[in-house]
1. Sort out which residues of segment 124-162 are small (Gly, Ala, Ser) and modelled with pLDDT of 85 or more, and write them in order of number.
2. Scan segment 1-37 residue by residue and report those that are outside any helix (DSSP H, G or I) and loosely packed, with under 13 Cβ neighbours inside 10 Å.
3. Could you run through segment 90-111 and say how many residues are under 18 Å from the mean Cα position of the chain (by Cα) and open to solvent by 50 Å² or more (accessible area, probe 1.4 Å)?
Amino acid sequence: MPFELVDAVLEQTRATEQRLRRLPSRVGVYFVLAVALFPGVGSAKVWASMLAGLGAGLRVSVSDKALRDLRRRVGAAPVKALFETLAGPVAQPSTPGVRFGRYRTVAFDGCVSIKVPDTDRNKSWLGKLRAAHGVTGYPVVKLMTLVETGTRALLGAVFGPPATAETDYARRLLG
C-alpha cells in the first residue's frame, strides 16, 4: 500500500500522531497489517522482519510495550478504512471463473476458529463456545467473508459472536 494512501486514511480517521514520535502512526498501520499476516510469530519478530525488509542493517530497538502502545494508538479505524477502500472486485469480465452468464459470481465463507484473549470484555460480547459437554475454551470470533470467485478478491467481511448464525452475517454482506 502506498504511503499516500495510508497517510490519507490516517488523516481521514483522525489517527495521525499529535506530536513527533519515534514510532509514527504510518509505521503503526504497516505494523498492524504485518502482525495480522503473521499471527503466530509475535510482535518482536514481526518488528525485526519489517526492519530486515528495509535492508542496510537498520536497527531500531523498541520494547514490547512500545509496540503494544503503537497498536492501541493507531486503533482499528484506519485498518477498517483501508479495507473498505481496497476491498472490491478485481476481475475483468473476461476473467475465467468470475461470471455465470451476465452475473458476477461470489462465495461466502465463514469460520469460527479465531481465538481471542479470555478477558471479561471479550467474554461479555462473544461468550464462549458451547460444546456437547458444556462451555469450553477461549472466546472465539466468527468471521464471514464475501469473496469474488476466480480471483479470491475480498469483497467484504463481518465478524462477531459465534452465537449469531452465518446466514445473518451473510445478509449483512449482501449490500
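1. Filtering segment 124-162 for residues small (Gly, Ala, Ser) gives 124, 127, 131-132, 134, 137, 150, 153, 156-157, 160.
Listed by number, the residues that qualify are SER124, GLY150, ALA153, GLY156, ALA157, GLY160.
2. So in segment 1-37, the residues outside any helix (DSSP H, G or I) come out as 1-2, 13-24.
Correct list: MET1, PRO2, ARG14, GLN18, ARG19, LEU20, ARG22.
3. Initially, segment 90-111 is screened for residues under 18 Å from the mean Cα position of the chain (by Cα), giving 108-111.
Now drop any that are not open to solvent by 50 Å² or more (accessible area, probe 1.4 Å), which leaves 108-109.
The total comes to 2.
Rundown of residues vs (1) open to solvent by 40 Å² or more (accessible area, probe 1.4 Å); (2) touching a Leu at 6+ places or on another chain (Cβ under 9 Å); (3) assigned to a strand (DSSP E or B), yes/no style:
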| residue | (1), (2), (3) |
| --- | --- |
| LYS142 | no, yes, yes |
| THR151 | yes, no, no |
| LEU155 | yes, yes, yes |
| PRO162 | no, yes, no |
| TYR169 | no, yes, no |
| ARG172 | yes, no, no |
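The values are calculated or read from the model by the stated rules, or taken from the named source; none is laboratory data. Since the model is a prediction, treat every value here as computed from it, not as a measurement. Neighbour counts run over all protein chains shown; Cβ positions are idealised from the backbone, glycine included. Only protein heavy atoms, including side chains, enter the accessible area calculation; ligands, DNA and RNA are left aside. Shrake-Rupley method; radii C 1.70, N 1.55, O 1.52, S 1.80 Å.
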